[in-house]
Amino acid sequence: MENNKQMRTWLDDLNLDHPLVIAGPCSAETEEQVLKIAHELKNTDVNYYRAGIWKPRTRPGNFEGVGALGLKWLQKVKAETGLKTATEVANRNHVELALEHDIDLLWIGARSTVSPFIVQEIADALEGTDKIVLVKNPVNPDLALWLGAIERLSSANIKNLGVIHRGFSTYEKSKYRNNPEWQIAIELQTRFPDLPLINDPSHITGKRDMIFDVSQTALDLNFDGLMIETHFDPDNAWSDAAQQVTPKALVGIMEDLKIRKESDPEAQYNTDLNHLRAQIDVVDNQIIDLLGKRMKAADGIGALKKQKNVAVLQSKRWNEILGKMVLDGDEKGLSEEFILRLFKAIHQESINHQEAVING
Ligand code: PEP
Ligand code: MN
């Protein structure tokens with residue numbers, strides 16, 4: 001696959017002509033289950049076979065994994081199918097056992113990335129390894145924790161690193177199990193452009209019928225690969241049943257995904273693209289100018305209210321403005337959600353300006 005990374009990574013060394021695919025069950029359940037799924041994935045685009053051996057569950061009382069026994073089953077997978085193997089590690093003991101059983105790719109789960117103590121313990125246990133190590137984003141939308149985990153692994157001289165975007169938990173109701181918050185993954189990619197970035201639509205959506213759309217969005221955003229939970233009998237899986245797909249469905253998803261190129265050398269395409277980008281730059285500057293003007297007016301309002309000792313927030317007027325903006329926005333093809341978010345941010349900045357004048 002073409003990509004815009006500056007340095008050659010473990011991913012380039014795989015020389016794939018499609019996005020990286022990591023697939024396999026959420027959890028290893030029995031030897032037969034692990035081997036059956038692996039055989040069904042054998043002659044597909046799947047590059048790494050995943051299975052959770054130690055399962056971190058938010059609440060106790062659920063299936064917590066088969067433990068080290070499952071590593072033997074993964075070794076059998078490699079011997080019988082040639083698929084490389086992947087599992088989650090959450091402490092030094094897991095790392096040592098996984099390395100002993102020659103697991104090819106280890107990942108740090110979302111509940112571990114939140115803890116610098118755990119990440120440091122894993123980094124120390126993996127010091128200098130040439131295995132591939134992927135870091136899932138932390139459960140909560142905190143970019144610094146994610147970056148910190150990568151830095152700890154990097155400082156432990158672990159070279160074959162990558163990240164997995166699996167979405168973020170939220171108190172707000174959402175159609176996702178874990179909100180994608182794509183901008184956080186994109187920000188991480190901007191900070192570490194050479195790190196392979198894998199999307200995990202299974203844990204983002206929590207529902208198998210939404211996996212295709214999230215996978216397509218990820219590829220449109222230049223993600224390097226996908227991790228998709230796969231089981232021959234998803235409904236009866238011992239964990240994450242609603243989000244697993246059959247091997248056949250996985251192959252269908254991979255066939256239907258549109259794989260877009262990073263760029264195209266054709267001259268007319270580049271001329272048109274540059275032209276549109278220049279337009280966007282001009283409009284962005286205009287937006288900043290206009291926002292500056294709007295805040296100047298807010299400063300003026302602040303001064304008037306100060307003279308008359310009137311409160312900053314007048315919610316009736318604000319609700320009227322918002323309602324009108326949603327309607328106007330709709331006419332221009334802008335979603336209600338976007339308009340509300342945009343104008344809430346603008347309104348907050350206006351309030352800050354007025355407050356500064358009143359209290360200044
Ligand atoms: C998993 O991949 O099965 C898993 C537990 O994921 P996460 O750490 O993203 O919740
Ligand atoms: Mn899972």
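The values are calculated or read from the model by the stated rules, or taken from the named source; none is laboratory data. From a predicted model like this one, the values you see are computed outputs, not experimental measurements. A quick note on method: Cβ atoms are made from the backbone with ideal geometry, for glycine too, and the neighbour counts reach across all protein chains shown.
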Item to complete: All but one of (1) in contact with a helix residue (DSSP H, G or I) (Cβ under 9 Å, 6 or more places away or on another chain); (2) surrounded by 17 or more Cβ atoms within 10 Å (Cβ to Cβ) hold for Glu100, so report the exception by its number.
Response: (2)
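Condition check ((1) within 16 Å of ligand 2 (Cβ to nearest atom); (2) farther than 18 Å from Arg111 by Cα; (3) outside any strand (DSSP E or B); (4) without any contact (Cβ under 8 Å) to a residue 60 or more places away in the chain) across all residues:
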residue: Leu145; (1), (2), (3), (4): no, no, yes, yes
residue: Arg152; (1), (2), (3), (4): no, no, yes, yes
residue: Asn157; (1), (2), (3), (4): no, yes, yes, yes
residue: Gly162; (1), (2), (3), (4): no, no, no, no
residue: Glu172; (1), (2), (3), (4): no, yes, yes, yes
residue: Ile184; (1), (2), (3), (4): no, no, yes, yes
residue: Gln189; (1), (2), (3), (4): no, yes, yes, yes
residue: Pro193; (1), (2), (3), (4): no, yes, yes, no
residue: Ile204; (1), (2), (3), (4): yes, no, yes, yes
Worksheet item: Which ones in region 225-276 are of a type in the set (Gly, Ala, Ser) and crowded, with 18+ Cβ neighbours inside 10 Å?
Response: Gly225, Ala237, Ser239
Item to complete: Look through region 206-223, keep the residues that are part of a helix (DSSP H, G or I) and among the charged types (D, E, K, R), and return whichever of them is surrounded by the most Cβ atoms within 10 Å (Cβ to Cβ).
Response: Arg208
Practice prompt. Quickly run through region 232-247 and pick out the residues that are touching a residue at least 12 places away in the same chain (Cβ under 8 Å), assigned to a helix (DSSP H, G or I) and away from ligand 1 (no atom under 14 Å from the Cβ).
Written response: Pro247
Discussion item. Any residue that is surrounded by fewer than 19 Cβ atoms within 10 Å (Cβ to Cβ), within 15 Å of ligand 1 (Cβ to nearest atom) and among the polar types (S, T, N, Q) - is there at least one of those in region 179-188?
Written reply: yes
Worksheet entry | Tally, over region 38-67, of residues that are farther than 24 Å from Val114 by Cα and away from ligand 1 (no atom under 14 Å from the Cβ) | 10
Item to complete: Could you pull out the residue among Ala23, Ala51, Ala38, Ala28 that is of a type in the set (Gly, Ala, Ser) and either away from ligand 2 (no atom under 16 Å from the Cβ) or not assigned by TED's automatic domain parsing to the domain that holds Ala241 (or both)?
Response: Ala38
Worksheet entry | Options Ala68, Ala23; residue that is surrounded by 13 or more Cβ atoms within 10 Å (Cβ to Cβ), at negative phi and touching a strand residue (DSSP E or B) at 6+ places or on another chain (Cβ under 6 Å) | Ala23
